[in-house]
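This report concerns only the one structure given below.
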Amino acid sequence: MDGDFRTEFVRDPGALRHHPALVLNADYRPLSYYPLSLWPWQEAVKAVWLDRVDVVAEYDTTARSPSTQIRIPSVVVLKDFVKPQRRVAFTRFNLFLRDEFRCQYCGSRGDLTFDHVVPRASGGITSWENVVAACSPCNLKKGSKSLRRAGMHLRKVPRRPSSGEMQNMGRKFPPNHLHDSWMDFLYWDVELEA
């Protein structure tokens, strides 16, 4: 991952600049922060047309058909509440997000892969509690050795994150493109400091 880590996990980073809509649940919270819940403008317009969402904010740009003209939504709210997932999926993106896109051995941000703390050759399993983000040099240095044999230490003990922890972590790593109309909805539920 030589480039900006945020663009590595977006299917088409360029598409984010083409009027995506921030999707909020019926309680006005984003469906997801990791990755941020966005729809292409076409999906947002379709949802408006089918009366599945309410439009909260719009772009200055319009979409036109021969018989209709509609301003492109920038923030939409689902009319029906979607129950958030309690279980966090064990994916490469979520693992890197849990570990803050840093090698858990040296703290570097570049060239990330993942490593089994207890090597699979020694009976280690692929789980939240045994896999960490690691840069390639650290991963090669550790190889199939134990931490003690390799003379390495973890920055933090790996564990299964809760959904709330992942939501909070996701707020720290927004995508490259954040439209001004989204800001009021992304951070309003963050606890204020006294």
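Quick one: among P35, P158, P84, which has the greatest mean-square fluctuation in a GNM of the chain with alpha-carbon springs under 10 angstrom?
P84
Top mean-square fluctuation among D180, D111, D51, Gaussian network model of the chain, C-alpha springs under 10 Å?
In the Gaussian network model the winner is D180.
What is the diffusion coefficient of the chain in µm²/s, taking the Kirkwood radius over Cα pairs and the Stokes-Einstein relation at 10 °C with a viscosity of 1.306 mPa s? Each step should come with its number before you reach the end.
Numbers: Rh = 18.9 Å.
D = 84 µm²/s.
Reachable lysines from K79, Cα under 26 Å, same-chain residues fewer than 8 places away excluded?
Output for K79: K46.
Computed from the coordinates by the stated procedures, all read-outs in this text should not be read as laboratory data. Here the structure is a predicted model, which means the values were calculated and not measured.
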